[in-house]
Amino acid sequence: MKAEKENPKQLTEEQENLQKIADKEYKYGFVTDIEMEEFPQGLNDDIIRMISAKKDEPDFMTEWRLKALHHWRKQKEPRWTKLKYPDVPFDDLYYYAAPKKKDAPKSLDEVDPELLATFEKLGVPLEERELLAGVAVDAVIDSVSVATTFKDKLSELGIIFCPISEAIHDHPDLIKKYLGTVVPYTDNFYATLNSAVFSDGSFVYIPPGVRCPMELSSYFRINASKTGQFERTLIIADKGSYVSYLEGCTAPMRDENQLHAAVVELVALEGAEIKYSTVQNWYAGSKEGLGGIYNFVTKRGLCAGKDSKISWTQVETGSAITWKYPSCILKGENSVGEFYSVALTNNYQQADTGTKMIHLGKNSRSLIVSKGISAGKSSNAYRGLVKVSKNAENSRNFSQCDSLLIGDQCGAHTYPYMEIENPSAHIEHEATTSKVSEDQIFYLNQRGISSEDAVGMIVSGYAKEVFQQLPMEFAVEAQALMSVSLEGSVG
Amino acid sequence: MLSIKDLQVSVEGKTILNGLNLEVKAGEIHAIMGPNGSGKSTLAHVLSGKDGYDVDGGSATYKGMDLLDLAPEVRAREGMFLAFQYPIEIPGVNNTSFLKKALNEIRKHRGEDELDAIDFLALIKKQMELVEMKEDLLKRPVNQGFSGGEKKRNEILQMAVLNPELAILDETDSGLDIDALRIVAGGVNKLRSKDNAFVVITHYQRLLDYIIPDHVHVLSEGKIIKSGGKELAFELEERGYDWLLEHA
């Protein structure tokens, strides 16, 4: 559970805004809060220089951002997905905004009761609620001291775990060596935009042979202030090291910025293993499909060395639009890539998500387990690519893509792509589509379980293979999240 | 405990139950027999609250409540249990945690404390002996990959754990070999008490060799055409249903 991007005062305002918008014609689809310290709207060289200067970045960073901006100017927004949404008014957006602290609620009494009810349902510990709700009290100080303790322990092992803005200052060599090596600034429209304007994010470096003794979570990141809409994360696992990183939060996360374009880069050197788990629960918009976060994320891991391994686990329940394909480039011999995903859409949510497994090294192996769950009027697409290049002798892939439908107004789509250039490859693909049946719900009803809980249980059962990949605590929360996210999906 | 008066039920305009009357008191076992299509399973479904049935007339009172007005989960929490003719598979949902959730919903409804994992395991282990079930079935997903007999035993195990006041067994004997039948019936016999009641729906008399009913009713075309003691079952076994139907 991490605490950032929360500001309930603004949240209620946002809700009011949403209500206002609901009452009139929905013009731009974008809500911008005005209680912010902002740079001027739009995007140009000056804005980039201002962002870079504000962060006191070295010149190489400023140059990199500018190169990205110039490249982005030449790009077109990709429209090849199954997603339908109005044009994003990029020139009207604010690309740097620091939230004002003065309006933070002083206690939970000032927090939106609906948000508190959700915390209750999710079983968020009391001491974390204030933090999540953005209450400006001791809880925050406590968390900083907890974080400091962890940080001391980590630095004893030589592990670097800090905001990426700090790493740019303190470890410029590592940044120069690795930033943009997995997701270059030219990669795609959103990644390019992110490279130009990224606000903050996490940086992790695990030295050779070190096994990180705890799950790293952005929750414990010092100065975990709002990283905003353009988050950038870079994780490097040096030879023979291991790290497990948790991103996100099961509590509903609201943000005044509607467009999110994050980039995550992972680098696993020889014999290293990175496990990256995400629970994404951004605001999904109203039941009528108004508002909600547009989440365009580029996540990619490079298994650079022999015997390296990268494993992505994601539970996606939030956002109005999810566009996300955590991928692995399996360059090292015997390297392993894994992708476990649960993507749940309800109401008018749309998700186009999946993975790419690029086999370059000999004997590289990949596993894809994707579980899509669609309810309401939502649309859920799995899009995956398995590519085996000429030199990837004896590569293996197994893909399992399942879709579960709740009700009869939602859609599930599967787009598996395969490009196999080596005849020794072993590729298997299995796909199923099933429905939550009335018989199953009745069976559970007849044992005293309410329909809502029944659907939650059925869905959790269906997604179990993926939940098992999550760290224990996270898995329990993620299951509760399923039920909460499906509220109202059965009559 | 259960009082059904002149119950009329239809499915998509077709009448299935046509003026059914039944009185069940605590401590009793009632057997409902009848040929295929006589409305036996409909009766079980309507009593337990399954969707898709229209009640056109009559009433059903359970422990003084208007049964037909209660949501299915509330009926269950009030102590009504249906052993399914075709138990449903729920992939990925662990059999033990499912049953724990069910029991705790019922306990919560009664205002009792929820059982924790340790107490629950102790209870379930004890009750498993009743149905001679293998322990690994507890670790598997609900009914998934169970044989026909294992599914039926799992129903009886659930009944033993949930300890209902009124249990309806819908053709629990169908598809069971003689050993499984004996175990299932043994479970029922050990659970019966002066405080609970059973309605045993069956096509064959065979189950009644093991579960001795106090009352036997013959259902035909949606109503009970004959009631009697256990000897009625033997008579049916010998003479079939036809002699009754002719006189009906």
TODO: Could you pull out every residue, at least 5 positions away or on a different chain, whose amide H is within less than 5 Å of the one on A:Gly285? Hs are placed 1.01 Å off N in the peptide plane, and Pro or chain starts have none.
DONE: A:Gly292, A:Ile293
Open item on the list: Could you sort the peptides B:161-167, B:110-116, B:60-66 by per-residue average Cβ neighbour count (10 Å cutoff), highest mean leading?
Closed with: B:161-167, B:60-66, B:110-116
Open item on the list: Of the candidates B:Ala31, B:Ala233, B:Ala71, which one comes out as most mobile in a Gaussian network treatment of chain B with C-alpha springs shorter than 10 Å?
Closed with: B:Ala71
- [ ] Find the centroid of the Cα atoms in segment B:194-248 and in segment A:395-473, then give the distance between the two in whole Å.
- [x] 45
Task: Among the listed pairs A:Lys309/A:Lys371; A:Lys377/B:Lys101; A:Lys371/B:Lys50; A:Lys84/A:Lys356, those beyond 27 Å (Cα-Cα) - done: A:Lys377/B:Lys101; A:Lys371/B:Lys50
- [ ] Would you please give the residues with an amide H less than 5 Å from that of B:Leu70, counting only those at least 5 places away or on a separate chain, with H modeled from the backbone geometry?
- [x] none
- [ ] Take the cross-link list B:Lys63/B:Lys194; A:Lys67/A:Lys390; A:Lys287/B:Lys108; A:Lys177/A:Lys390 and give me the ones stretching past 26 Å between alpha-carbons.
- [x] A:Lys67/A:Lys390; A:Lys287/B:Lys108; A:Lys177/A:Lys390
TODO: Starting from segment B:5-111, pick out the GluC sites (Glu not before Pro) whose DSSP state is loop and whose Cβ has at most 11 other Cβ atoms within 10 Å.
DONE: B:Glu12
Task: Helical mean residue ellipticity (222 nm; -39500 (n - 2.57) per DSSP H run of 4+; nearest 500) of chain B - done: -11500 deg cm²/dmol
- [ ] Would you please put B:149-156, A:41-48, B:203-210 in order of how densely packed they are, using the mean number of other Cβ atoms within 10 angstrom per residue and starting with the highest?
- [x] B:149-156, B:203-210, A:41-48
- [ ] Mind running the shape call on chain B? Use the C-alpha gyration tensor, a ≥ b ≥ c as the square roots of the eigenvalues: rounded below 1.5 for a/c, prolate if a/b tops b/c, oblate otherwise.
- [x] prolate
Task: Under the Karplus curve 6.51 cos²θ - 1.76 cosθ + 1.60, θ = phi - 60°, whole-Hz ³J(HN,Hα) for segment B:53-67, x wherever Gly or Pro sits - done: 10, 9, 8, 8, x, x, 8, 9, 10, 10, 6, x, 9, 6, 4
TODO: With both partners inside chain B, how many of the DSSP beta bridges are antiparallel, as a percent to the nearest 5?
DONE: 55
Open item on the list: Once you place label points 7 Å from the Cα toward the Cβ at B:Val55 and B:Asp177, how far apart are they in nm?
Closed with: 4.2
TODO: Could you compute the FRET efficiency for A:His70 and A:Ser434, with r as their C-beta to C-beta distance and R0 at 41 Å, rounded to 0.05?
DONE: 0.25
TODO: Would you tell me the mean number of C-beta atoms belonging to other protein chains that fall within 10 Å of each C-beta in B:88-98, as a whole number?
DONE: 6
Task: Virtual spin-label span in nm between B:Tyr86 and A:Lys390, 7 Å along Cα→Cβ - done: 5.6
Open item on the list: Apply the Karplus curve 6.51 cos²θ - 1.76 cosθ + 1.60, θ = phi - 60°, to the phi angles in segment A:77-88 and return the couplings in whole Hz, x for Gly and Pro.
Closed with: 4, x, 10, 8, 7, 8, 7, 10, 7, x, 4, 7
Open item on the list: Filter chain B for me: DSSP H helices, axial length by Cα at least 18 angstrom, mean Kyte-Doolittle hydropathy not below 0.5. List them by residue number.
Closed with: B:117-131, B:178-191
Task: Span from the segment A:339-381 Cα centroid across to the segment A:260-328 one, whole angstrom - done: 10
Open item on the list: Give the separation of the Cα centroids, segment B:164-191 to segment A:151-219, in Å.
Closed with: 62
Task: chain B, relative contact order in percent, only Cα pairs under 8 angstrom and at least six apart counted - done: 28
Open item on the list: From the phi angles alone, apply the Karplus equation (6.51, -1.76, 1.60; θ = phi - 60°) to segment A:448-454 and give each ³J(HN,Hα) in whole Hz, x where the residue is Gly or Pro.
Closed with: x, 9, 5, 4, 5, 5, 4
Task: Per DSSP, loop trypsin sites (Lys or Arg not before Pro) in segment A:292-373 with at most 14 further Cβ within 10 Å - done: none
Open item on the list: I need the trypsin sites (Lys or Arg not before Pro) found in segment A:379-445, filtered to DSSP loop residues with at most 12 other beta carbons within 10 Å of theirs.
Closed with: A:Lys390
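Any read-out appearing in this document is the output of simple, stated calculations on the displayed coordinates, not a laboratory observation. Note that the structure is predicted; figures quoted are calculated from it, not measured. Heads up, the Cβs are rebuilt from the backbone with ideal geometry, glycines too, and the neighbour counts pull from every protein chain shown.
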